[in-house]
Amino acid sequence: MSAAIEISRVSKSFGFSRVLDDVSLAIPAGSVCVVLGPSGSGKSTLLRCVNHLESVDAGTIEVGGELIGYRRDGDRLHELSARAVARQRARIGMVFQHFNLFPHRTVIENLIEAPLLVRRESKAVAIARAQRLLAQVGLADRAAAWPRELSGGQQQRIAIARALAMEPEVMLFDEPTSALDPELVGDVLQVMKSLARSGMTMMVVTHEIGFAREVADQIVFMDQGRIIESGPPSQVLDAPRHGRTSAFLSTVL
Ligand code: ADP
Ligand code: MG
């Protein structure tokens, strides 16, 4: 299997603070990588670098074999235009902790907006796909609802459907259930599980250890901007090699 996401020796600082320190990670196509680590360890920054919401200071990131944010010119890298970055982002779905639905648009309008504007699809095609995706996330009957009429868990499932409406090659999730009431978490995780089963390449920051154990092919543990441990769930969760990993796991289990 080729790597769908290839992160090579990425470093990133904010001011004098090194937030990512020589991070390398390969996520094979069709696999799920769960990123664990304490608050401030650089998990969100790493995800944001993958779709160039943050630029890297050193190293490279490739998605589907294409260098993200830059163009190679011999051994030099030149930053891509905003337009070229937008084209790359369209292939990379992202779901945030706070769902960020457009509040003044109905559910179906949220789902067709980017396909109409960015992909210039016909309305009929965009609506047909949106209805299929609403069924996939269990909300087929909410097409005409406003985001504020939905629970947090329903809004997050709509946010996932909205990301999928662009038919991305990979999906990035940044603590998608952290802002939800506990009783709403399960439905969102269920949608993510079935997405994983369908073969989507996923990079997921979460503290949901049960989800990680069941769904992850690979777990990486980050601490202070570095990946200090990685492997299958059985190794990282049950036989961590690093004291910091076990200390972290004891706080979330
Ligand atoms: P995590 O998601 O693991 O909690 P983050 O990637 O959000 O960690 O943050 C890592 C570190 O980088 C933290 O110390 C945070 O304060 C800092 N940081 C994140 N984004 C910025 C930014 N835009 N400007 C300055 N510092 C930032
Ligand atoms: Mg974060």
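Looking at region 1-19 only, could you name the residues that are within 16 Å of ligand 2 (Cβ to nearest atom) and either in contact with a His (Cβ under 8 Å, 6 or more places away or on another chain) or among the basic types (Lys, Arg) (or both)?
Selection gives 12 alone.
Which count do you get for residues in region 73-104 that are assigned to a helix (DSSP H, G or I) and open to solvent by less than 50 Å² (accessible area, probe 1.4 Å)?
Looking only at that region, the number is 3.
Of the conditions (1) closer than 20 Å to residue 114 by Cβ; (2) open to solvent by 30 Å² or more (accessible area, probe 1.4 Å); (3) at pLDDT 95 or above, residue 50 satisfies every one except a single condition; which number is it?
The number of the failed condition is (2).
If I filter region 218-225 for residues that are at positive phi and crowded, with 19+ Cβ neighbours inside 10 Å, do I get at least one hit?
The answer is yes, given that some residue of region 218-225 is at positive phi and crowded, with 19+ Cβ neighbours inside 10 Å.
Which one is most open to solvent (accessible area, probe 1.4 Å), of the residues in region 1-34 that are more than 23 Å from residue 245 (Cα to Cα) and assigned to a strand (DSSP E or B)?
Selected residue: 14.
Taking the options 214, 229, name whichever one is in contact with a His (Cβ under 9 Å, 6 or more places away or on another chain) and more than 16 Å from ligand 2 (Cβ to nearest atom).
None of the others qualify; the one that does is 229.
Can you name every one of the helices (runs of 4 or more DSSP H) wholly within region 120-208 that holds 3 or more residues which are under 16 Å from the mean Cα position of the chain (by Cα) and surrounded by 19 or more Cβ atoms within 10 Å (Cβ to Cβ)?
152-164, 182-197
With 115, 38, 28 as the choices, which residue is out of contact with any Phe, Trp or Tyr (no Cβ under 9 Å at 6 or more places or on another chain) and under 27 Å from residue 234 (Cβ atoms)?
Being out of contact with any Phe, Trp or Tyr (no Cβ under 9 Å at 6 or more places or on another chain) and under 27 Å from residue 234 (Cβ atoms) holds for just one of 115, 38, 28, which is 28.
Filter region 20-60 down to residues that are over 18 Å from residue 217 (Cβ atoms) and of a type in the set (S, T, N, Q) and give me whichever is farthest from ligand 2 (Cβ to nearest atom).
Among those that are over 18 Å from residue 217 (Cβ atoms) and of a type in the set (S, T, N, Q), it is 60.
Quick one: in region 209-232, of everything that is in a strand (DSSP E or B) and away from ligand 1 (no atom under 16 Å from the Cβ), which residue is nearest to residue 177 (Cα to Cα)?
The extreme case among them is 218.
For the subset of region 32-61 comprising residues that are among the charged types (D, E, K, R) and closer than 21 Å to residue 90 by Cα, which member is farthest from the chain's Cα centre (by Cα)?
54
Which of the residues belonging to region 226-253 are open to solvent by 70 Å² or more (accessible area, probe 1.4 Å), of a type in the set (S, T, N, Q) and modelled with pLDDT of 95 or more?
234
The values are calculated or read from the model by the stated rules, or taken from the named source; none is laboratory data. Because the structure is predicted, anything quoted here is derived from the model rather than measured. Don't worry about glycine lacking a Cβ; one is built from the backbone with ideal geometry, like all the others, and counts go over all protein chains shown. Surface areas here come from the heavy atoms of the whole protein model, side chains and all, with no ligands, DNA or RNA. Shrake-Rupley method; radii C 1.70, N 1.55, O 1.52, S 1.80 Å.
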